[in-house]
Structures are given as structure tokens and as C-alpha cells.
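Q: Handing you this structure, nothing more for now.
The values are calculated or read from the model by the stated rules, or taken from the named source; none is laboratory data. It should be emphasised that the depicted structure is a prediction, and the values quoted were computed from it without experimental measurement. Cβ: placed from backbone, ideal geometry, glycine included. Neighbour counts: every protein chain shown.
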Amino acid sequence: MATSDAHFYRPADGTGLPHDPFNAIVGPRPIGWISTVSADGTRNLAPYSFFNGFNYHPPVIGFASIGWKDSVANIEATGEFVWNLATRPIAEAMNETAASADPDIDEFTLGGLTPVDSVDVTPPRVAESPVNFECVLTQLIQLQDRAGGLLESWMVLGQVVAVHIDRQYLVDGVYDTAAARPILRAGGPAAYFDVPADARFEMRRPG
């Protein structure tokens, strides 16, 4: 039953709260940990909290960048990127790659991470990550508001053309989500969650 004791606001007028609750409500969210290379070959690695999967066959994933950042510029220039699964054991390293850095800075070095060659695309994978998706750009979309005004946000969609999965997370051929301990972004300036196995429950679709 809906409660009548609801905090109400219109986003255009501000939230009236100490911190915008939007990204706490739409969450926890998987992290788009995106590796790219620039046109001149400089490596880049950055996490994006607006990320998800959007199609099964072919698999399409996407992330949104608030602002025209190096990852987006590199993907526009080369048409390729790699998504790397961020997990609890490498969470701190992932966080280091979120630092604002000049385009010539290699975030693999900042995070103490190991770049490893991909198979079908040029950007490297994060060796420490247990799952990597090699992707080819399908759409790069500048978002708009309801009046058609352009926002300083870009949606990047890419088709997954190659997948790498650490075999220890395949149990009888089925990927064990919790075993990899993926981390998820929540609200506020610093909140994350991981996925413990005891949080799992099952529901099957009716009919």
C-alpha cells in the first residue's frame, strides 16, 4: 500500500534533501569499467556507474558518460572498447582509475593493474578482472531533455563481439554471479555493495 507520508519534489526545483536520491533509488547499479585507447594508442581505463545490458542476441551493453570524457572521445575515434567486471578484490584499484587525469595518463598504471591484449579489438583487457567483454561501437547518442535540448551526457552502446570468463566461475557450465563478488554502485558519494551468495532468491515467470 502506498504511503501518504511521501517526500515530493520536482527535480527541476531541487530535491530538498542533503543529497540527490536519484542514483540511490536507481541502484545498486553494475559498473561500466571501460578500457579504451586513443587514436594515438594511449590507454585509458575508467568506471561509469550508469551502465547495463540492453539486448541478448546480439549482446549489446551500454554506459552513459556525464560530460565528454576521454573514454567517449576514444570510442568515437576508434569504435572499440572493453568492459571489465569490477569485483570486491579489485574495488580499490577500480576506484583509483576514477581519478580525474590528463588524457596522456595511463589509468592501468594508476590502479596498479595489468593490461592484457584483447582478441578482436585493440583496447586491452584488465587481467585482474574475471570477466571481459570486447565491444564494437554501435551507437553514440547525445541525450536530450523533454524539450529537445541537448544535455552534456552521452550514451555509448556497443555490441559484444568476444567474451572472456575465468573458468573458476563456471559451475557445470553455469556462470556463478555471486562467486565473482561483483561490486555495485549505490547512492551518495561513496556507497557500494557486493553480492553475497546468501542474498540470492529465485522466482520463475508465471505461465
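Q: Gly41: at positive phi and either assigned to a loop (DSSP other than H, G, I, E, B) or in contact with a Phe, Trp or Tyr (Cβ under 6 Å, 6 or more places away or on another chain) (or both), yes or no?
A: Yes; evaluated as a whole, the condition is true for this residue.
Q: What's the number of the only condition in (1) in contact with a helix residue (DSSP H, G or I) (Cβ under 6 Å, 6 or more places away or on another chain); (2) of a type outside the set (Val, Ile, Thr); (3) closer than 17 Å to Asn52 by Cα that Pro182 fails to meet?
A: Only one criterion is unmet by Pro182, namely (1).
Q: For the range 17-31, which residues satisfy the criterion of being touching a helix residue (DSSP H, G or I) at 6+ places or on another chain (Cβ under 9 Å) and either in a loop (DSSP other than H, G, I, E, B) or within 25 Å of Glu92 (Cβ to Cβ) (or both)?
A: Scanning the range 17-31 gives Asp20, Arg29, Ile31.
Q: Further question on the same structure: Only one of these conditions is not met by His57: (1) in a strand (DSSP E or B); (2) over 29 Å from Gly111 (Cα atoms). Which number is it?
A: (1)
Q: Go through (1) free of Cβ contacts under 8 Å to residues at least 40 places away in the same chain; (2) aromatic (Phe, Trp, Tyr); (3) under 22 Å from Phe22 (Cβ atoms) for Tyr56 and report which single condition fails.
A: Tallying (1) free of Cβ contacts under 8 Å to residues at least 40 places away in the same chain; (2) aromatic (Phe, Trp, Tyr); (3) under 22 Å from Phe22 (Cβ atoms), Tyr56 fails exactly one: (3).
Q: Which count do you get for residues in the range 9-55 that are surrounded by fewer than 21 Cβ atoms within 10 Å (Cβ to Cβ) and either over 9 Å from the mean Cα position of the chain (by Cα) or farther than 30 Å from Glu134 by Cβ (or both)?
A: Counting residues in the range 9-55 that are surrounded by fewer than 21 Cβ atoms within 10 Å (Cβ to Cβ) and either over 9 Å from the mean Cα position of the chain (by Cα) or farther than 30 Å from Glu134 by Cβ (or both) gives 29.
Q: To continue, here is another question. What are the pairs with Cβ atoms under 6 angstrom where one residue, in the range 174-187, is closer than 19 Å to Glu92 by Cα and of a type in the set (D, E, K, R) and the other, located anywhere, is assigned to a helix (DSSP H, G or I) and modelled with pLDDT of 95 or more? Sequence gap at least six, or different chains.
A: Arg181/Arg88
Q: Still on this structure, I have one more. Name the pairs whose Cβ atoms lie under 6 Å apart, with the first residue in the range 100-116 and at pLDDT 90 or above, the second acidic (Asp, Glu), and 6 or more positions between them or separate chains?
A: Close Cβ pairs (under 6 Å, with a partner that is acidic (Asp, Glu)) amount to Leu110/Glu96; Gly111/Glu96; Leu113/Glu128.
Q: A further question on this structure: Take the residues of the range 60-107 that are of a type in the set (Gly, Ala, Ser) and assigned to a loop (DSSP other than H, G, I, E, B): which is nearest to Pro123 (Cα to Cα)?
A: Gly79
Q: Which of (1) in contact with a Phe, Trp or Tyr (Cβ under 9 Å, 6 or more places away or on another chain); (2) of a type in the set (A, V, I, L, M, F, W, C); (3) surrounded by 16 or more Cβ atoms within 10 Å (Cβ to Cβ); (4) touching a residue at least 60 places away in the same chain (Cβ under 8 Å) does Leu143 not meet, given it meets every other one?
A: (3)
Q: Next question. Out of Arg167, Arg204, Arg200, Arg181, I need the residue that is under 23 Å from Gly27 (Cβ atoms), surrounded by fewer than 14 Cβ atoms within 10 Å (Cβ to Cβ) and among the basic types (Lys, Arg). Which one?
A: Arg200
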